[in-house]
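S.K.: Below are the structure tokens for one structure; questions will follow.
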């Protein structure tokens with residue numbers, strides 16, 4: 001089976017980037033979920049701050065090659 005998706009660039013650049021990088025985003029979420037699970041299994045980790053969680057999420061995404069800033073640069 002084949003599927004062809006067409007985008008009108010540059011008008012649909014965000015949509016193109018979303019389609020092209022979707023697997024990186026999913027992998028990042030999976031890795032973050034696994035990290036959270038590991039933290040849950042250790043006592044005293046319930047009080048992780050929002051800032052710490054945000055930093056870990058961003059690091060996980062960058063490790064997987066997914067960057068919000070590059071994807072949405074200049075849109076908002």
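What follows draws every value from the coordinates through simple rules; no lab data is involved. Nothing here was measured: the structure is a model prediction, and the numbers come from that model. Cβ placement follows ideal geometry from the backbone for every residue including glycine, while neighbour counts extend to all protein chains displayed.
S.K.: Counting every Cα pair in the chain, what percent are over 16 Å apart?
M.R.: So the portion of pairs separated by more than 16 Å is 61 percent.
S.K.: Compute the relative contact order of the chain as a whole-number percentage, counting only Cα pairs closer than 8 Å that sit 6 or more residues apart in sequence.
M.R.: Working: 30 pairs, mean separation 31.8, N = 76.
Contact order relative to length: 42 percent.
S.K.: Please give, to one decimal in nm, the separation of the simple spin-label points placed at residue 36 and residue 68, each 7 Å out from Cα toward the Cβ.
M.R.: Modelled inter-label distance: 1.5 nm.
S.K.: At 222 nm, what helix-only mean residue ellipticity would the chain give, in deg cm²/dmol to the nearest 500, using -39500 (n - 2.57) for each DSSP H run of four or more? Write down the numbers at each step before the final one.
M.R.: Values: 3 runs with 47 residues, N = 76.
Taking each H run of at least 4 residues, the total per residue is -20500 deg cm²/dmol.
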